[in-house]
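These notes are about the structure you will find just below.
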Amino acid sequence: MLTTNNTRQKITETCLRLLAIREHSQQELINKLIARGFTVEEIEPVLVEINRQGWQDNRRFGESYARQRMLKGYGPIRIRYELQQRGIAEIDLDSLAEQYLGSWSDSLLELYQQKFDQRQQLTQSEWLKRSRFLQQRGFSTAMIRQLFAQLNLKMSR
């Protein structure tokens with residue numbers, strides 16, 4: 001059986017090794033450490049110290065993660081959901097979008113233009129296919145409708 005100091009050291013080493021690879025949220029670290037057999041009671045004091053030292057920061061992780069997903073063409077609904085899954089709730093995605101994308105509308109337009117041809121007359125199935133793709137990427141129905149209106153897309157019957 002490991003001593004308390006030895007356990008604490010192993011948890012710290014594991015955290016630092018994981019954080020050297022990429023940023024992690026506290027929730028991700030907890031999940032990975034539990035999978036390695038540590039208990040939450042053993043993990044929490046180490047995470048407090050790692051956070052105090054500045055080696056792990058949920059805000060920094062959240063902003064970094066959100067920026068990466070934005071630049072890959074994901075929308076606010078999907079990014080917010082993914083952040084919540086990682087234990088991050090308080091990130092101003094709209095400010096980050098302004099900083100890195102210009103706006104969500106700009107990002108949506110760029111994604112649409114990369115993915116689809118520029119036909120303006122679409123069959124109903126093609127219209128729905130494009131809408132579903134953009135929704136799965138995390139853009140709201142209202143944003144998609146606005147984009148389609150902006151591009152003057154028409155559905156043939």
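Bear in mind these aren't lab numbers, they're just calculated from the coordinates by the rules spelled out. No experiment lies behind these values; they were computed from the predicted model shown. In this analysis, Cβ positions are derived from the backbone assuming ideal geometry, glycine residues included, and neighbour counts consider all displayed protein chains.
For the stretch 1-56, averaging the sequence separation of C-alpha pairs within contact (under 8 Å, six or more residues apart) and dividing by the residue count gives a relative contact order of 45 percent. Highest-first packing order for the peptide set 60-68, 36-44, 140-148 is 60-68, 140-148, 36-44, based on the mean count of other beta carbon atoms within 10 Å. Between K154 and T4, the contour length at 0.36 nm per residue exceeds the alpha carbon distance by 47.3 nm. For the stretch 1-56, just say rounded, prolate or oblate: build the C-alpha gyration tensor, square-root its eigenvalues into a ≥ b ≥ c, call rounded for a/c under 1.5, and beyond that prolate if a/b exceeds b/c, oblate if not. It comes out prolate by the Cα gyration axes.
Normalised by 2.2 N^0.38 Å, where N is the number of residues, the C-alpha radius of gyration of the stretch 72-155 stands at 1.15. Working note: Cα gyration tensor of the chain, eigenvalues times five, square-rooted, sorted largest first, giving semi-axes of 44, 15, 11 Å.
Under the simplified labelling scheme, the R119-A89 pair shows an inter-label distance of 4.6 nm, with each label point 7 Å from Cα along Cα→Cβ. Taking the number of Cβ atoms within 10 Å of each Cβ as an exposure proxy, the fewest-first ranking of L96, L83 is L96, L83.
The smallest convex shape that holds all Cα atoms of the stretch 88-132, its convex hull, gives 100 Å³ per residue.
For the chain, averaging the sequence separation of C-alpha pairs within contact (under 8 Å, six or more residues apart) and dividing by the residue count gives a relative contact order of 21 percent.
Once both labels are positioned 7 Å from their Cα atoms along Cα-to-Cβ, the gap between E41 and E13 label points is 2.4 nm.
Which order do the peptides 23-33, 4-14 take when ranked by the mean count of other beta-carbon atoms within 10 Å per residue, highest first?
Averaged packing, sorted descending, gives the order 23-33, 4-14.
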